[in-house]
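Please read the structure below before turning to the comments.
The values are calculated or read from the model by the stated rules, or taken from the named source; none is laboratory data. All values derive from a computational prediction rather than experimental measurement. For neighbour counting, all protein chains shown are included, and Cβ atoms are generated from backbone atoms with ideal geometry for every residue, glycine included. Protein only, heavy atoms only, side chains kept; ligands, DNA and RNA dropped before computing areas. Shrake-Rupley method; radii C 1.70, N 1.55, O 1.52, S 1.80 Å.
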Amino acid sequence: MGIIIFNGVSSMDLHTLVQHPPEYAFPEKDCEATHVPGRNGDIIVDTGSWKNVDRTYNLAIDARKISYTEVASKLVQWLHSSNGYARLEDSYEPDFYRMAIYKDQGTISNIYNKAGTIDVTFNCKPQRYFKSGEEPDTINHGMEYRNPTDFASRPKIIVHGSGSGNIYIGNYHVGVNSIIDGMIIDSEIQDVYYGTTNCNQNVSIDEFPKIVSGNNYISFSGGITSLEIIPRWWTL
C-alpha cells in the first residue's frame, strides 16, 4: 500500500491508504487538425503544449479507531480542500510532484462501518515536476547551465545586486532598470515581484526566459552581482 499527499496533507493522516499503484497516464498533445478537401492528409498545427491528464488512485479507509462517518467526511473535505491547482505527491513516484485538482463527486463503500474504498481521480497539469528542480542554483557570470530534461522549463530567477543591469539566458534578454536585491522574475506566472511588492515596472522583458534542453549560457552585467535560479525541471 502507498500514500498520497495532496494540498500539504497526507492520506495517512486521514486513515487512508492507496491499495494499488496507479496506472501511468500520459497527456495528449494539443494539436489542431484541419482537413483541406482534395488534399491527402490533414494539416496539423502543433501548439507545442499538452492537455491535462487524469491520475486515479484506489483508496481504502480504516475506520476501526474512528467512526466511519468521521473518516469519510474528513476524506471528502480533504479532496475538495483546494480552490485551484494544488501540489500532489505519492509514494510511487517519490522524485516527482504534480499540480492537480479534484473536482468530482463519488461514493465511498461502507464495509461494516469499519472500512471503505473509493476510486478518486485527480485532474493534473501535464507536467511531472522533478523535486530536484525546486532547489536554487547559484549562477555566476559567464556560466553554462544545463537543463538535463528534454523540455524547456519556466524558472524562478532571483536577482542580487543594486542599480541596473542586464540578464542574458541563452537567447533571452531581461533588462533591469532598478534592482531590488532579492527580487524575483517568475517565468511560470510571468510576474516580477519582491515579497508582496509588484516589480514589473523595474524590468524590460519581451519574453520571459526559459531554460531550454541542454546547455544554456548565462551572463549578466551592470549592478547585478549574482543570480539564483529555481529551474522547475519537468517531464511527461
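Close Cβ contacts (under 6 Å, 6 or more residues apart or on different chains) running from residues in the stretch 84-112 that are under 15 Å from D54 (Cα atoms) and in contact (Cβ under 8 Å) with a residue 40 or more places away in the chain to residues that are of a type outside the set (S, T, Y) and in a loop (DSSP other than H, G, I, E, B) comprise A86/N7. What about V18, is it modelled with pLDDT of 95 or more and surrounded by 16 or more Cβ atoms within 10 Å (Cβ to Cβ)? So V18 passes the test. Is it the case that the stretch 93-112 has a residue that's within 20 Å of I3 (Cβ to Cβ), of a type in the set (A, V, I, L, M) and not in a strand (DSSP E or B)? Yes, the stretch 93-112 contains a residue that is within 20 Å of I3 (Cβ to Cβ), of a type in the set (A, V, I, L, M) and not in a strand (DSSP E or B).
Are there any pairs, at least 6 apart or on different chains, whose C-beta atoms fall under 7 Å, with the first in the stretch 54-76 and in contact (Cβ under 8 Å) with a residue 12 or more places away in the chain and the second in a helix (DSSP H, G or I), and if so, which? From the stretch 54-76, the pairs are L59/S11; I61/V71; I61/A72; I61/L75; A63/V71; V71/L14; K74/L14; L75/L14.
Of T121, T117, all but one fail to be under 25 Å from the mean Cα position of the chain (by Cα), closer than 30 Å to S73 by Cβ and of a type outside the set (D, E, K, R); the exception is T121. Flag: P126 does not match the condition of being loosely packed, with under 15 Cβ neighbours inside 10 Å and modelled with pLDDT of 95 or more.
Considering N166, N177, which residue is open to solvent by 30 Å² or more (accessible area, probe 1.4 Å), over 18 Å from the mean Cα position of the chain (by Cα), under 13 Å from S226 (Cα atoms) and at pLDDT 95 or above? Talk me through it step by step, then tell me what you get.
Numbers: N177 fails: under 13 Å from S226 (Cα atoms).
The match here is N166.
Scanning the stretch 90-102 finds one or more residues that are open to solvent by 30 Å² or more (accessible area, probe 1.4 Å), closer than 22 Å to Q19 by Cβ and in contact with a Phe, Trp or Tyr (Cβ under 7 Å, 6 or more places away or on another chain). Tell me, please, whether a residue that is free of Cβ contacts under 8 Å to residues at least 60 places away in the same chain and open to solvent by 10 Å² or more (accessible area, probe 1.4 Å) can be found in the stretch 142-163. Within the stretch 142-163 (the criterion being free of Cβ contacts under 8 Å to residues at least 60 places away in the same chain and open to solvent by 10 Å² or more (accessible area, probe 1.4 Å)), the answer is no, since none of the residues qualifies.
If you go through the stretch 59-89 and keep only what is open to solvent by 30 Å² or more (accessible area, probe 1.4 Å), within 13 Å of F6 (Cβ to Cβ) and among the hydrophobic types (A, V, I, L, M, F, W, C), you end up with just V76.
Working carefully through the options T56, T47, find the one that is open to solvent by 60 Å² or more (accessible area, probe 1.4 Å), of a type in the set (S, T, N, Q) and either modelled with pLDDT of 95 or more or within 17 Å of E93 (Cβ to Cβ) (or both). Break it down stepwise before answering.
Numbers: T47 fails: either modelled with pLDDT of 95 or more or within 17 Å of E93 (Cβ to Cβ) (or both).
When all the criteria are applied, what remains is T56.
Go through the stretch 44-92 and give me each residue that's in a loop (DSSP other than H, G, I, E, B) and farther than 16 Å from W234 by Cβ. Give the steps one after another, and end with the answer.
Residues of the stretch 44-92 that are in a loop (DSSP other than H, G, I, E, B), as a first pass: 51-52, 63-67, 80-85, 91-92.
Within the stretch 44-92, A63, R64, K65, I66, S67, H80, S81, S82, N83, G84, S91, Y92 qualify.
Of the listed requirements (1) open to solvent by 60 Å² or more (accessible area, probe 1.4 Å); (2) in contact with a Ser or Thr (Cβ under 9 Å, 6 or more places away or on another chain), Y194 misses just one: (2).
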